[in-house]
Amino acid sequence: MVATDELRASNVARFDHLVSDRAVHREAYVDPAVFDAELKRIFGRVWVYVAHESQLRQPGDFVTSWIGRQPVIVARSADRRLHVLMNRCTHRAATVCQERAGTASHFRCAYHGWTFRNDGTLISPTFGSGYDAEDFRVEDYSLAAAPRVDAYRGFVFASLAPAGPTLAEHLGNARTYIDLFCDLAPAGDIEVGAAGSNHYGYAGNWKLQAENGVDGYHPNFVHQAFLDNGRGGLAMQLFNGESAGRAADLGRGHALLDSRPTLGDVHERAFRGNPGGQAHYELLVDRLGAERAAEVIRTNGGQGFNLLVFPNLQLIQIQIRVIHPRRVDLTEIDLYPTLLAGASEQTNAARLRSHEGFYGPAGGGAPGDLEMFRRVQEGLAVESVEWLPLLRGLRRTELGPNGELIGHVTDEHPQRAFYRRWAEEMAG
Amino acid sequence: MNPNGPTAADRSAVEAFLYHEAALLDAGALDDWVELFTDDGVYWVPARTGAPDPARHVSIVYDDKPRLLVRVARLQSGKEYAQEPPSRTCRQVSNVAVLSTGEGDVDVEASAVLVVYETRPNTTTQTIPARATWRLARTDDGFRVRRKQVMLLELGRYYENLTFLL
């Protein structure tokens, strides 16, 4: 490894020297200049998840979120088109929408009364006679919009770059797992937002959660109190050194933990045995055929995989998890537990109880991760140890049929996947 | 329901119970606290205002008695790192209102403003304001909790740790 100071001297605007296929440098987590560059080069360019179409079924429906730290409104206008608007009045820059979700035909800035249609266009400035036509054309003052918006299986993404890879190209192999996630619903429709959401945050860098959501090495340590019932159940076998589970670098920064080889048909048997489960299975067979129906239940009837979609989206168990970078050492997270449209109330209630058991700020698992992130960020203050190794499983990689790099479920293929893409984006 | 509404004695009895419950939590006597719940008791921290329905809406905590027992055991296992070292709390239970006194097998309902102050080493003290409601069963051993609902004032807040009990 080359000393970072040398490289920095020759490469002022580059940060890709902070990672290699073997390690990450501490500055990637603590340097505000890195964080600022991440906002511009990663969040300012790549496809970022902003909403799910099930939150925006009717004209006028909107949700708000962030692309990096930039506040956005995702709105469906009267012509049913989706718009990703920058939540920033084109006059004095105040945010024009204060709610996380709702229905509105217009967004009015409270500061000086400028009012925008939900497609972003400005109706007219207030007290319009004060503006001269020579200086002011109303069409120049629409809310700014993300130049590219696209959706896959209802997952709406926006890119602040006018050109670049398509969403389909960006998602690549991740689409397979988004399909599995959605296909568990009897008609293939998940409901996002209807069940509400959980929120939590931590005093640490955003990448710690991005890494951790696909880290199969930590559960038997951090989450032992949750997983180990003292009766030798399956839970402690999912992520131990002899597990059959796999971890994968899916390409393009996306990554997967796959517990299905360990789980076998456990979820399928449990799911079909639950009230309403067999009827649900039969609906899936009608739509997908028996083989695919079994596959989706085995996968997502419980927690069959953890998916990271670069840079800040994760699909885990029933949840859509969105990681919001706030400062180099502050991160906030929204969890949207999904319901299955057309599933029985018992099925959906059981999904919610299962989710609450582990996730959210009072869950049996997630707060332990947050405690680790806090400890990591504290430890990163040590300057004499510069690198965090990513060596686990480096020499036990299989090539998958779609170019995936596959290792043991406890290996660090997912983290290497994430940081390879990170370095590509951060190179300039 | 007592046609004259709650009496001073009703209020006094409810307050004594709620203060006892608060003292158990602040003392970390979680095994004693969980036994205040009836076998069909529920401890509920909703994630939304309005009329949350646990069948359709995610909660922060929705524990029946078996889950609550598991939670209490985990929190005290020494391997729940979000509680290692454990939270120290002190809490205020105030503005206690007896909503209905019930009679016989009918439960007492009460509400209060609950403010929990919580700290752990290396963290700043959290102030957690909430409105709590209790449904209390009358038993030969005094009140038992049939349902405790803690409606957090700050539901949009990005909490770092709510693993301690409210």
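The values are calculated or read from the model by the stated rules, or taken from the named source; none is laboratory data. Worth saying up front: this structure is predicted, and the values here are computed from it rather than measured. Glycine also receives a Cβ, built like all others from the backbone with ideal geometry; neighbour counts cover every protein chain displayed.
Condition check: of a type outside the set (Ser, Thr, Tyr) and part of a strand (DSSP E or B). Does A:Leu284 satisfy that?
So A:Leu284 fails the test.
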Of those in region A:320-335 that are at the interface with chain B (Cβ under 10 Å from one of its Cβ atoms) and surrounded by 23 or more Cβ atoms within 10 Å (Cβ to Cβ), the residue farthest from A:Gly277 (Cα to Cα) is A:Thr331
What are the pairs with Cβ atoms under 9 angstrom where one residue, in region A:95-121, is acidic (Asp, Glu) and the other, located anywhere, is crowded, with 16+ Cβ neighbours inside 10 Å and outside any loop (DSSP other than H, G, I, E, B)? Sequence gap at least six, or different chains. A:Glu99/A:Phe62; A:Glu99/A:Val63; A:Glu99/A:Thr64; A:Asp119/A:Ala75; A:Asp119/A:His83; A:Asp119/A:Leu85; A:Asp119/A:Ala145
Any idea which residue in region B:127-166 is farthest from the other protein chains (Cβ to nearest Cβ), counting only those that are of a type in the set (Val, Ile, Thr) and part of a strand (DSSP E or B)? B:Thr139
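Residue by residue, here is whether (1) in contact (Cβ under 8 Å) with a residue 12 or more places away in the chain; (2) in contact with a strand residue (DSSP E or B) (Cβ under 6 Å, 6 or more places away or on another chain); (3) within 14 Å of another protein chain (Cβ to nearest Cβ); (4) not hydroxyl-bearing (Ser, Thr, Tyr) holds:
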{"position": "B:Glu15", "(1), (2), (3), (4)": "yes, yes, no, yes"}
{"position": "B:Thr38", "(1), (2), (3), (4)": "yes, yes, no, no"}
{"position": "B:Tyr43", "(1), (2), (3), (4)": "yes, yes, yes, no"}
{"position": "B:Asp53", "(1), (2), (3), (4)": "no, no, yes, yes"}
{"position": "B:Ser77", "(1), (2), (3), (4)": "no, no, yes, no"}
{"position": "B:Gln92", "(1), (2), (3), (4)": "yes, yes, no, yes"}
Pick out the one residue from A:Phe116, A:Phe107 that is aromatic (Phe, Trp, Tyr) and in contact with a Leu (Cβ under 7 Å, 6 or more places away or on another chain). A:Phe116
Picked from region B:1-46 (must be of a type in the set (A, V, I, L, M) and touching an Asp or Glu at 6+ places or on another chain (Cβ under 8 Å)), the residue farthest from B:Gly78 (Cα to Cα) is B:Met1
When region A:126-139 is checked residue by residue, the ones that are surrounded by 11 or more Cβ atoms within 10 Å (Cβ to Cβ) and assigned to a loop (DSSP other than H, G, I, E, B) are A:Thr126, A:Tyr131, A:Phe136
Suppose the filter is within 14 Å of chain A (Cβ to nearest Cβ), part of a strand (DSSP E or B), at pLDDT 95 or above and crowded, with 17+ Cβ neighbours inside 10 Å; does B:Val98 pass it? no
Matching option when the condition is in contact with a strand residue (DSSP E or B) (Cβ under 9 Å, 6 or more places away or on another chain), over 26 Å from B:Asp63 (Cβ atoms), of a type in the set (Val, Ile, Thr) and part of a loop (DSSP other than H, G, I, E, B), among A:Thr410, A:Thr331: A:Thr410
Hey, among B:Tyr117, B:Tyr158, which residue is in contact (Cβ under 8 Å) with a residue 12 or more places away in the chain, hydroxyl-bearing (Ser, Thr, Tyr) and either surrounded by fewer than 20 Cβ atoms within 10 Å (Cβ to Cβ) or in contact with a strand residue (DSSP E or B) (Cβ under 9 Å, 6 or more places away or on another chain) (or both)? B:Tyr117
Counted residues, region A:86-124 - those being within 28 Å of the chain's Cα centre (by Cα), over 15 Å from A:Pro59 (Cα atoms) and not in a loop (DSSP other than H, G, I, E, B): 1
Residues in region A:290-308: is at least one surrounded by 23 or more Cβ atoms within 10 Å (Cβ to Cβ), at pLDDT 95 or above and closer than 22 Å to B:Val70 by Cβ? no
(1) closer than 20 Å to B:Pro52 by Cα; (2) surrounded by fewer than 18 Cβ atoms within 10 Å (Cβ to Cβ) all hold for B:Val150 apart from (2)
Has region A:224-236 got at least one residue that is among the hydrophobic types (A, V, I, L, M, F, W, C) and in contact with a Lys or Arg (Cβ under 8 Å, 6 or more places away or on another chain)? yes
Check A:Asp36, A:Asp31 and return the single one that is at pLDDT 95 or above, surrounded by fewer than 15 Cβ atoms within 10 Å (Cβ to Cβ) and either over 27 Å from A:Gly102 (Cβ atoms) or acidic (Asp, Glu) (or both). A:Asp36
Say we look at region B:101-126 and pick out the residues that are in a strand (DSSP E or B) and among the β-branched types (Val, Ile, Thr); which of these is farthest from the other protein chains (Cβ to nearest Cβ)? B:Val108
For A:Asp369, only one of the following conditions fails: (1) more than 20 Å from the chain's Cα centre (by Cα); (2) among the charged types (D, E, K, R); (3) facing chain B (nearest Cβ under 10 Å). What is its number? (1)
Determine, yes or no, whether A:Gly273 is surrounded by fewer than 21 Cβ atoms within 10 Å (Cβ to Cβ), in contact with a helix residue (DSSP H, G or I) (Cβ under 8 Å, 6 or more places away or on another chain) and modelled with pLDDT under 95. no
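Identify all residues within region A:210-238 that are under 30 Å from A:Ala28 (Cα atoms), away from chain B (no Cβ under 12 Å) and not β-branched (Val, Ile, Thr); write none if there are none.
Result: A:Ala210, A:Glu211, A:Asn212, A:Gly213, A:Asp215, A:Gly216, A:Tyr217, A:Pro219.
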Selection from region A:338-358 of residues more than 9 Å from chain B (Cβ to nearest Cβ) and closer than 17 Å to B:Leu165 by Cα yields A:Phe358
Across region A:350-390, the tally of residues that are of a type in the set (S, T, N, Q) and surrounded by fewer than 20 Cβ atoms within 10 Å (Cβ to Cβ) stands at 2
Within region A:338-347, does at least one residue satisfy the condition of being crowded, with 20+ Cβ neighbours inside 10 Å, in a helix (DSSP H, G or I), at pLDDT below 95 and of a type in the set (D, E, K, R)? no
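Rundown of residues vs (1) out of contact with any Phe, Trp or Tyr (no Cβ under 9 Å at 6 or more places or on another chain); (2) buried (at least 17 other Cβ atoms within 10 Å of the Cβ), yes/no style:
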position	(1), (2)
A:His52	no, yes
A:Leu56	no, yes
A:Trp66	no, yes
A:Ile73	no, yes
A:Arg81	yes, no
A:Thr90	no, yes
A:Gln98	yes, no
A:Ala101	no, no
A:Phe107	no, yes
Which of the residues belonging to region A:140-174 are surrounded by fewer than 17 Cβ atoms within 10 Å (Cβ to Cβ), part of a helix (DSSP H, G or I) and not hydrophobic (A, V, I, L, M, F, W, C)? A:Asp140, A:Glu169
If a residue must be within 7 Å of chain A (Cβ to nearest Cβ) and touching a residue at least 12 places away in the same chain (Cβ under 8 Å), how many such residues does region B:55-70 contain? 4
